[in-house]
């Protein structure tokens, strides 16, 4: 049976895996489908028995049906562990327990690219969204980045897709914000750029299944309307 709490020790892309008895470090085998054993993260007691000190970062809670597992994300206070497993190799080994694979998957940043489109009077263009986390609320144009996409490209693409508007970014550094919002441990990183456009709203072509309307707001009103943490942090720079 898998322990109810384990420690996800990670150092520069390497993680500590052990067997059911807590013996390790062990290596995953890419492409392994059938196995009589499973590899997992160690418990606190097993880490202490190895003489490894660590700094706790946050607690992740994984829930599968009626089962619940706590995963302590932590940084080991040791030299680079050359004999630990590369975390990117764990997903391809069926012997690595789902708790470890899921925790590693959730530790990878989700990247979002957005843009504050401002007119010459300083008003900010916002869109009311019809799907996703913020359905029914006003947000800045933008969204998830594609796998091979630079954030400065992603927000331009998203603005064209959502509003039918082709923008050119201002030569201003983006507002970069990172946050983990709940105990599921998924980390989001947002890049929010600036662009200047003084056209009329009737020039826009809204992607109606995603955007119901667009409107100009003063920076303060935009900040008051925004429900996204990342939008509010970016808009704060205009106040």
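The GNM of the chain, with springs linking C-alpha atoms under 10 angstrom apart, assigns the highest mean-square fluctuation among 45, 100, 127 to 45. Modelled spin labels at residue 77 and residue 121, positioned 7 Å past Cα toward Cβ, are 5.8 nm from each other. Between 73, 30, 128, where does the largest GNM mean-square fluctuation fall for the chain, given springs only between Cα atoms within less than 10 Å? Among 73, 30, 128, the largest GNM mean-square fluctuation belongs to 30. Length available on full extension from residue 161 to residue 179: 0.36 nm per residue minus the Cα-Cα distance, which gives 3.9 nm. For residue 12 and residue 153, a Förster radius of 41 Å and the Cβ-Cβ distance give a FRET efficiency of 0.90, rounded to the nearest 0.05. Neighbour counts of other Cβ atoms within 10 Å put 145, 116, 126, 50 in the fewest-to-most order 50, 145, 126, 116. Comparing Cα centroids, the stretch 1-71 and the stretch 90-119 end up 18 angstrom apart. Counting only Cα atoms, the stretch 110-236 measures 42, 31, 27 Å along its principal axes, largest extent leading. Here the extension length gained between residue 189 and residue 238 equals 15.7 nm, from 0.36 nm per residue of separation less the Cα-Cα distance. Largest GNM mean-square fluctuation across 93, 83, 202, computed for the chain with C-alpha springs under 10 Å, falls on 202. Dividing the helix sum by the residues of the chain, where each DSSP H run of 4 or more adds -39500 (n - 2.57), gives a mean residue ellipticity at 222 nm of -5000 deg cm²/dmol.
Between the entries (1) 23.1, 77; (2) 22.4, 67; (3) 18.6, 63, the label attached to Rg and Dmax of the Cα atoms in Å calculated for this structure is (2). Would you please give the FRET efficiency between residue 36 and residue 227, computed as 1/(1 + (r/R0)^6) with r the Cβ-Cβ distance and R0 = 30 Å, to the nearest 0.05? With a Förster radius of 30 Å, E is 0.05. Legend: ranking of residues 197, 138 from fewest to most surrounding C-beta atoms inside 10 Å; resulting order 197, 138. Between residue 44 and residue 29, the distance separating the two model label sites (each 7 Å from Cα on the Cα→Cβ line) works out to 3.4 nm. Placing a label point 7 Å from the Cα of residue 171 along the Cα-to-Cβ direction, the residues of the stretch 178-205 whose backbone N falls under 20 Å of that point are 192-198.
A Stokes-Einstein calculation at 4 °C with viscosity 1.567 mPa s, built on the Kirkwood radius of the stretch 5-106 over Cα pairs, returns a diffusion coefficient of 95 µm²/s. Calculate the length of the line joining the C-alpha centroid of the stretch 172-199 to that of the stretch 211-232, in whole Å. Each part's Cα centre sits 14 Å from the other's.
Using a simple spin-label model with pseudo-atoms 7 Å out from Cα toward Cβ, residue 5 and residue 207 lie 4.3 nm apart.
No value in this document is a laboratory result; all are computed from the given coordinates. These numbers were taken from a predicted model, which means no experiment stands behind them. Glycine also receives a Cβ, built like all others from the backbone with ideal geometry; neighbour counts cover every protein chain displayed.
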